[in-house]
Structures are given as structure tokens and as C-alpha cells.
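The values are calculated or read from the model by the stated rules, or taken from the named source; none is laboratory data. Just so you know, these numbers come straight off a predicted model, no measurement behind them. Note: ideal-geometry Cβ built from the backbone for every residue, glycine included; neighbour counts use all protein chains shown. Just so you know, the surface numbers come from the protein's heavy atoms only, side chains and all, with ligands and any DNA or RNA stripped out. Shrake-Rupley method; radii C 1.70, N 1.55, O 1.52, S 1.80 Å.
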Amino acid sequence: MDKKTAVAAGTMLPVMEAFYTIQGEGTFSGHPAYFIRLGGCDVGCVWCDVKESWQSEKWPVLTVGEIVAAAKAYPGRKVVITGGEPLMYDLDPLTALLKLEGFVTHIETSGAHPFSGDFDWVCFSPKKFKAPHPSIYAVADELKVVVFHKSDFEFAEKHASMVVEGCKLLLQPEWSKANVFTNEIIEYVKSHPNWNISLQTHKFMDIP
Ligand SMILES: C[S@@+](CC[C@H](N)C(=O)[O-])C[C@H]1O[C@@H](n2cnc3c(N)ncnc32)[C@H](O)[C@@H]1O
Ligand SMILES: Nc1nc2[nH]cc(C(=O)O)c2c(=O)[nH]1
Ligand code: SF4
Ligand SMILES: [Mg+2]
């Protein structure tokens, strides 16, 4: 099988980087986790903090066996698949092997492509730049909306009305606009207590 066919099948994937760190965001903030950052994204968020991930061709294509073997070198058993936009790929082969090896699987996604993979935790962060695929709403465990503009509160409520009951609702200040919006987010969460705040704590700790 050539590489292109293997990537289409999800048995090989472009990997920008993989690192063992502390989950900085969301419900599992503070938990040790091994991050696998897949290359490639077609969403194009103006404020994306990992724009170098967008071109999939830049990154080495590895077999899911190689990707999982590297993860096994660390003591933690929580793996976060991120990107780039990981749902550009069929994540069934990678997550099947991770589960077989005893990992707990999490994903960070914009939901812009059809859902795939076997995940224990799905972080859904919808974007105005490319509409989510309908398959994400039933499986999202947390809705994490980045606040970059005043209109993002309304955007957040629209998506909150589409996820399943029990899905955690989080507002996360866009890093460069945090000084502008953090107070507004605090007041919003105090008056709309079904929402919580997510901060990019790894950036405060200066870790990956
Ligand atoms: C780089 S994205 C990769 C995963 C996927 N493409 C997504 O957007 O969910 C990882 C997380 O970082 C968030 N993020 C990216 N840039 C950010 C920024 N400048 N400030 C705050 N959050 C940001 C995204 O919304 C997403 O929740
Ligand atoms: N520490 C840490 N936590 C994170 N949570 C989500 C991240 C991501 O880029 O997907 C991320 C990241 O890049 N680093
Ligand atoms: S969807 Fe995620 S990786 Fe893609 S541009 Fe937006 S924040 Fe960056
Ligand atoms: Mg990040």
C-alpha cells in the first residue's frame, strides 16, 4: 500500500509532534497526557496558535504502530489526539490500537469533518471559519468555545443548544485577547452558571 492510500485508510498519519505534558485546557486541565498533534487543517482560524500545523505535507507520515509505540514510553495512559484538525483523518485504526494498548483516548476537534475513532472524551471547539459536521453534536463531552469577539457569546449559546444534555459548557479566552475579554467572560459565567471558564494554563506554566 502506498503512503497516500494508507493515510486515506487511517493506518498511517502525518504527525507534526508528539509530547508528554499536562493537559492545559478544559475539564481535564492539570492531568498528565501524551499529545499527538496530527498535521493538516482546512479550517483557517485567524487566531490559531499552531498555524504551522496546517500543511499536512510538511510532516512525517508514520504508521499507527509507530505512533502508539512512542506513546508507550511514558508513564501516563491518557492520550490527546489534536492537530491540526484530527478529524480530517479516519481515526478508527489509531484509536483501536491505543485502546488495545490500554490508553484512555481524548480528542481536541473543531468537528469540521465527519466523526471517527473510539474516544473516551471528545472536546468540541466549533469555529466560525468552517461549520461543524452534524456528526459531532451527539458525541461531544465538552463544548469549548474560544472568545475572540463579542459575538462569540451568541455563537457559544447556539452550539450549546445543539449538543446533548450533560455536555460541559466552557468559554476560553483567545490568548491574545485575554486582557480584553477575560472580565466579560467572568461576568458572563457568573450570570450564566451553566457555563464554566477554561484557560490555556500550559501557557501560564510555559510548558508545551
Ligand atoms: C490548535 S486546536 C487543534 C484541534 C482542533 N483543530 C480544534 O481547533 O479544536 C486546539 C485547541 O486550541 C484552541 N485554540 C487555538 N488557538 C487558540 C488561541 N489563540 N487562544 C485560545 N484557544 C486557542 C482551539 O480552539 C482548540 O480548542
Ligand atoms: N498543554 C497543552 N494542553 C493542550 N490542550 C489542548 C491543546 C491543543 O493544542 O490541542 C494543548 C496543548 O497544545 N498543550
Ligand atoms: S481548527 Fe484548530 S488547528 Fe485548525 S485553524 Fe482552527 S484552531 Fe487551528
Ligand atoms: Mg495548543
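Explain nothing, just compute: Karplus ³J(HN,Hα) = 6.51 cos²θ - 1.76 cosθ + 1.60, θ = phi - 60°, for every residue of segment 151-158 in order, whole Hz, x for Gly and Pro.
3J(HN,Hα) across segment 151-158, in whole Hz: 5, 6, 5, 5, 4, 5, 5, 4.
Out of the total accessible area of the chain (probe 1.4 Å, heavy atoms of protein only), what percent is carbon and sulfur?
On the way: 5610 of 9730 Å².
Answer for the chain: carbon and sulfur cover 58 percent of the accessible area.
Skipping prolines and chain starts, which residues have an amide H placed within reach, meaning under 5 Å, of the one on Q172, given they are 5 or more residues away or on another chain?
Under 5 Å from the amide H of Q172: V145, V146, V147, S198.
Give me log10 I(q)/I(0) at q = 0.11, 0.18, 0.22, 0.24 Å⁻¹ for segment 1-110, Debye formula, one equal scatterer per alpha-carbon, no solvent.
Taking Cα atoms of segment 1-110 as identical point scatterers yields -0.32, -0.87, -1.27, -1.45.
Would you kindly state how much longer the chain becomes between H202 and A160 on full extension, computed as 0.36 nm times their sequence separation minus their alpha carbon distance, in nm to one decimal?
Full extension of this stretch gives 12.5 nm more.
With a 1.4 Å probe and every protein chain left in place, work out the accessible area per residue of segment 3-204 in Å², rounded to a whole number. Don't skip to the end; give the middle numbers.
Numbers: 9080 Å² over 202 residues.
Per residue, segment 3-204 has an accessible area of 45 Å².
How are the Cα pair distances of segment 60-208 distributed, in percent, across 5 Å bins from 0?
2, 9, 17, 20, 18, 16, 11, 6, 3, 0
Relative to the present Cα-Cα distance, how much length would full extension add between K72 and S151 at 0.36 nm per residue of separation?
Length difference between fully extended and current span is 24.2 nm.
Between the DSSP loop rule and a limit of at most 16 other Cβ atoms within 10 Å, which trypsin sites (Lys or Arg not before Pro) in segment 46-130 are left? Mind showing how you got there, number by number?
Values: sites: K51, K58, K72, R77, K78, K99, K127, K128, K130; in loops: K72, R77, K128.
Sparse-neighbourhood loop trypsin sites (Lys or Arg not before Pro): K72, R77, K128.
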